[in-house]
Amino acid sequence: MFEGTHTALITPFREGHVDEEALRALVERQIEAGIDGLVPCGSTGESATLSHLEHRRVVEIVIETAAGRVPVIAGTGSNSTREAIELTLHAKQAGAQGALLLSPYYNKPTQEGIFAHYAAVARETAFPIIVYNIPGRTASNLSAETVARLARLDHVVGIKEASGDLDQMAHVIARSPGDFAVLSGDDSLTLPLLAIGGKGVISTSANIAPESMCELVRRFQSGDVSGAREIHYQLLPLFDALFCETNPIPVKAAAAALGWCDDEIRLPLTRMIDVHLEHLKVVLKDLGILR
């Protein structure tokens, strides 16, 4: 249902508030670049520090601006199942095409608890759900066995895999239905995951280089593996630079350097340190993104 390159959108801020004008411009830029879908209010969108009102507003703005031209998969995750249901229902009512939900963080539920969490959201919302496995942020890993169970539930249509473990991803693909979309949550693992049967990526780097990220995936899907590999290695310095500090610090700094938004980021995250910022600008110039 969801394949290709989807951008995990940043949330621009100005003077403590969501910069709605900059957000709309980002959405337009992404669509013009040929992106396959947009994902607001994920970790790249600083969802952890958005108020509930801001969260809903960002989702609504992206849906309004996209105007049906590309799918919008709204981030609706929470460590409270009830809250996740409410956010997902809002996304559905606002006109999104799906929802991305990270596994409950901090509570550290068992595999059975994680399964029950997603099952409850799917049952109560009847809305396409992509589960999100990112152990580095949640302190729990979604096992291949649990994903296989989830993949057979109505409305659970895919997974964003950011465990960094390709062997685990292979077992997920092997145990899941063929139409279950396994998407990379790590830009640098997009090509390897495609090679073992993945369907695409939910990408941070696509905020800055959407055309190249789309081309990488499309070349592979069309059978041009060497062409996809060439783009992968061209983008590798960008992948490194955009993850040298906690996401989304570097990608926010890159967008600001390009004049697309302010570099404002919410505590406890802080602006990129100077040495990393200068290196990031060199990488952007080498790729012809920053002039």
Q: Starting from the Cα of Arg152, step 7 Å toward the Cβ, then list every residue of segment 161-195 with an amide N under 12 Å from that point.
A: 175-177
**Q.** Residues of type lysines that Lys199 reaches as a straight line, Cα spacing below 22 Å, ignoring anything fewer than 8 places off in the same chain
**A.** Lys160
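Would you please give the FRET efficiency between Ala139 and Asp165, computed as 1/(1 + (r/R0)^6) with r the Cβ-Cβ distance and R0 = 22 Å, to the nearest 0.05? Show your work: numbers first, answer last.
Values: r = 16 Å, r/R0 = 0.71.
E(calc), rounded to 0.05, equals 0.90.
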Q: Starting from the Cα of Lys281, draw a straight line to each of the aspartates and glutamates and keep only those under 15 Å, dropping any in the same chain fewer than 8 residues away.
A: Asp240, Glu245, Asp263
**Q.** Gap separating the Cα centres of segment 48-89 and segment 262-291, nearest whole Å
**A.** 27
Q) For labels at Lys285 and Glu264 in the simple 7 Å Cα→Cβ model, what's the distance in nm? A) 2.9
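Could you work out the helix-only [θ] at 222 nm for the chain, with each DSSP H run of four or more residues adding -39,500 (n - 2.57) and the total divided by the number of residues, to the nearest 500 deg cm²/dmol?
Details: 12 runs with 137 residues, N = 291.
Computed ellipticity for the chain at 222 nm equals -14500 deg cm²/dmol.
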Q: Using Cα pairs closer than 8 Å and at least 6 residues apart in sequence, work out the relative contact order for the chain, in percent.
A: 18
Q: State the extension gain, in nm to one decimal, for the chain segment bounded by Tyr233 and Thr110, taking 0.36 nm per residue of separation less the distance between their alpha-carbons.
A: 40.5 nm
(Q) Need one number: % antiparallel among DSSP beta bridges in the chain, to the nearest 5. (A) 5
Q: May I ask you to compute the full-extension gain from Glu278 to Met1, defined as 0.36 nm times their residue separation minus their alpha-carbon distance, rounded to one decimal in nm?
A: 95.7 nm
Q. Quick one: Karplus J couplings for segment 201-217, per residue in order, coefficients 6.51, -1.76, 1.60, θ = phi - 60°, nearest Hz, x for Gly and Pro?
A. 8, 9, 10, 6, 4, 5, 4, 9, 10, x, 4, 5, 5, 4, 5, 4, 5
Q: Give me the distance in nm between label points sitting 7 Å out from Cα along the Cα-to-Cβ direction at Asp240 and Gln93, one decimal.
A: 4.8
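Throughout, read-outs are computed from the coordinates displayed, never taken from laboratory work. Quick caveat: nothing in here was measured; it's all calculated off a predicted structure. Note that we place each Cβ from the backbone using ideal geometry, even for glycine, and neighbour counts take in every protein chain shown.
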